[in-house]
Amino acid sequence: MPSFRYKPRARTRTFSAAASLAHVADGRLNGFIELQLGAWDVAAGIVLVREAGGWTNDFLAGEGPMRDNPMIAAAPGVRNELLATTGLDAWQ
């Protein structure tokens, strides 16, 4: 089972949010968090992660696509640890 390990450092994303979500789906990344994204950045990635057995928050809930909800995705088995470690439990 994969494990999320918190390391207090910044990581710069050099590819699109959709590519990052594809990396969660195929196991290259354990998780992905972006606090403000448009729906065009994540719609296909949500499908990829969920079809691969991963978890995503309900980005499309309410006015999500209009308000730029946060996007959170996790590989199987790391969701709770990712949310607890980052303090984003409310976005389940």
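Here the mean projected area of the convex hull built on the C-alpha positions of segment 17-91 is 4.3 nm². Charge dipole (Cα centre; +1 on Lys/Arg Cβ, -1 on Asp/Glu Cβ; no other charges) of segment 17-91 amounts to roughly 120 debye.
For G31, the residues whose amide H sits under 5 Å from its own are A75, ignoring neighbours fewer than 5 places away on the same chain, with H placed 1.01 Å from N.
Using a cutoff of 8 angstrom between alpha carbon atoms and counting only pairs six or more residues apart, the relative contact order for segment 17-91 works out to 36 percent.
Taken together, the values in this text are just the output of simple stated rules run on the coordinates, not laboratory data. Everything numeric in this text was worked out from a predicted model, so none of it was measured. Virtual Cβ from ideal backbone geometry, glycine too; neighbours counted across all protein chains shown.
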